[in-house]
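Quick notes on the structure that follows.
The values are calculated or read from the model by the stated rules, or taken from the named source; none is laboratory data. As the structure is a computational prediction, the values presented were derived from the model and not from experiment. Virtual Cβ from ideal backbone geometry, glycine too; neighbours counted across all protein chains shown. SASA here: full protein model, heavy atoms, side chains in, ligands and nucleic acids out. Shrake-Rupley method; radii C 1.70, N 1.55, O 1.52, S 1.80 Å.
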Amino acid sequence: KDKVALGIIIFLILIGSAIRLIGIGKESYWLDESMSVIQASPNLPVAINNVANDIHFPLYVVLLHFWIKIFGMSEIATRMMSALFGALAIYVIFVLGKKMFNAKVGIFAGIMLTFSPVAIYYSQETRLFSLLMLLAMVSTYYYVCFMEKPNLKNSLFYLCFTSLLLYTHAFSLLILLTQNIFY
């Protein structure tokens, strides 16, 4: 039964990845994407300083900085990082749904995210939103793990991913608030 669920989710990740890659380089950068690339492209201290003087949080720009160093700064290259985060989120939502409910719920959540127009859209932009979505899910997963079994491992993973989440976007505070309200 678990092998079937895993097979289905791998199939969904492949489909979701393909969907996220369709037309990924078709459009030129728009203003916000250009700003992300400009902020991330110089040396790292300059990139961090660029973000410090902006309203955005630094994690995405730092990751994009290293991504650009490896893959270049074309539209396709930089958008691939967001596509990767979007594809990984399909697996994470499956695991989270399975953890909170059962494998059927996880598969259904994976299907919904695979074909979500909003998730696809933000997985094709050189912006931080697919990273925000991924980290929110991972943080919530480890929150649930910690609530079930409060041990050092679960607390460290929760703190690590929640810290990364908080360095991604101001809206991450809403995720933290929701988790605390639930608690």
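The long axis of helix 172-182 is offset from the longest Cα principal axis of the chain by roughly 20 degrees. Each Lys and Arg adds +1 at its Cβ and each Asp and Glu adds -1 at its Cβ; summed about the Cα centre, the chain shows a dipole of about 700 debye.
For the chain, the longest principal axis of the C-alpha atoms and the axis of helix 31-40 are separated by about 90°. The angle between the Cα long axis of helix 75-100 and the main principal axis of the chain comes to about 20°, on a 0 to 90 degree scale. Here, P(r) means the percent of Cα pairs in each 5 Å bin from 0 to the largest distance; for the chain it is 1, 9, 15, 18, 18, 16, 12, 7, 3, 0, 0. Counting only DSSP H runs of at least 4 residues, each contributing -39500 (n - 2.57), and dividing by the residue count of the chain, the helix-based mean residue ellipticity at 222 nm comes to -25000 deg cm²/dmol. In this simple spin-label approximation, Tyr183 and Ile15 carry label points 7 Å from Cα along the Cα→Cβ vector, and these lie 3.8 nm apart. Find the centroid of the Cα atoms in the stretch 56-90 and in the stretch 119-157, then give the distance between the two in whole Å. After rounding, the separation between the Cα centres reads 17 Å.
In debye, nearest 20: dipole of the stretch 63-144 around its Cα centre with unit charges on the Cβ of K, R (+) and D, E (-)?
On the way: 6 positive and 2 negative charges, 44 e Å.
Roughly 200 debye, rounded to the nearest 20.
Sort all Cα-Cα distances of the stretch 1-106 into consecutive 10 angstrom bins from zero, then give the percent of pairs in each bin up to the one containing the longest distance. Spelled out bin by bin, the stretch 1-106 gives 14, 35, 26, 20, 6, 0 percent. Coupling constants for the stretch 148-157 follow from the phi torsions by the Karplus curve (6.51 cos²θ - 1.76 cosθ + 1.60, θ = phi - 60°), and in residue order they are 6, 9, x, 10, 4, 4, 5, 5, 5, 5 Hz; glycine and proline get x. With a Förster radius of 30 Å applied to the C-beta separation of Asn49 and Val118, the computed FRET efficiency comes to 0.40. Hey, if you put +1 on the Cβ of every Lys and Arg and -1 on every Asp and Glu Cβ in the stretch 39-181, which of Val46, Ile181, Leu132 ends up farthest toward the positive end of that dipole? The listed residue farthest towards the positive side: Ile181.
Rolling a 1.4 Å probe over the protein chains gives Glu27 an accessible area of about 110 Å². Normalised by the number of residues in the chain, the average gap of Cα pairs under 8 Å and 6 or more apart makes the relative contact order 24 percent.
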